[in-house]
Amino acid sequence: VIILVGAPGTGKTHIASNYLKDYHHINRDKLGSWQKCVAAMEKVLAEGKSVVIDNTNPDKTSRQRFLDVAKARNIPVRCFVMNTSIEHAKHNNR
């Protein structure tokens with residue numbers, strides 16, 4: 001499991017789409033709620049596949065939901081934090 005963290009425009013979706021192609025891509029913008037993201041993650045992990053969570057995940061609570069699912073299955077988690085400047089993120093988000 002990889003959890004991407006960062007504001008809009010920081011490159012999360014670019015990383016997921018271009019470098020994590022073998023991972024099942026879970027995104028709240030597409031699914032509509034964190035509950036649906038967690039359910040999708042549970043389903044994909046039950047199938048033995050890898051997951052990348054492509055949401056802003058700005059706080060511990062938002063990340064913990066996904067950590068708990070992985071921990072219950074003894075699956076390692078990596079968190080990638082996008083350290084893009086606000087100016088660069090705004091430029092990318094145009």
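Which percent of Cα-Cα pairs in the chain sits in each 10 Å bin, short to long?
Result, from short to long distances: 17, 52, 27, 5 percent.
Note down the net charge around residue 8, summing +1 for each Lys or Arg and -1 for each Asp or Glu among other residues with Cβ under 15 Å from its Cβ.
Spelling it out: positives minus negatives among the neighbours equals +2.
Compute the signed sum of charges (Lys and Arg +1, Asp and Glu -1) over the other residues within less than 15 Å, Cβ to Cβ, of residue 39.
Net of charged neighbours comes to +4.
Non-local amide H neighbours of residue 3 (under 5 Å, H modeled in plane, Pro and chain starts lacking H): which ones?
Under 5 Å from the amide H of residue 3 lie the amide H atoms of 53, 78, 79, 80, each far enough along the sequence or on another chain.
Angle, helix 34-46 long axis vs. longest principal axis of the chain, Cα atoms, 0 to 90°, nearest 10?
The answer is roughly 50 degrees.
Measuring from label point to label point, each 7 Å out along Cα→Cβ, what is the residue 91 to residue 64 span in nm?
Spacing of the two 7 Å Cα→Cβ label points: 3.7 nm.
Residue by residue through the stretch 16-29, which ³J(HN,Hα) values in whole Hz follow from phi under the Karplus form 6.51 cos²θ - 1.76 cosθ + 1.60 (θ = phi - 60°), with glycine and proline marked x?
Result, rounded to whole Hz: 4, 6, 9, 10, 10, 5, 7, 9, 6, 8, 10, 9, 5, 4.
Tell me, what is the percent relative contact order of the chain, built from C-alpha pairs under 8 Å that lie six or more residues apart?
It comes to 50 percent, rounded to a whole number.
Using only helices, what value at 222 nm comes out for the chain when you add -39,500 (n - 2.57) per DSSP H run of length 4 or more and divide by the total residues, to the nearest 500 deg cm²/dmol?
After summing the helix terms and dividing by residue count, I get -13500 deg cm²/dmol.
Sort out for me the Cα centre separation of the stretch 22-84 from the stretch 1-20, rounded to whole Å.
Between the Cα centres of the stretch 22-84 and the stretch 1-20 lies a distance of 12 Å.
Coordinate-derived values only; no laboratory data. Everything numeric in this text was worked out from a predicted model, so none of it was measured. Using ideal geometry, Cβ is built from the backbone for each residue, glycine included, and neighbour counts are taken over all protein chains shown.
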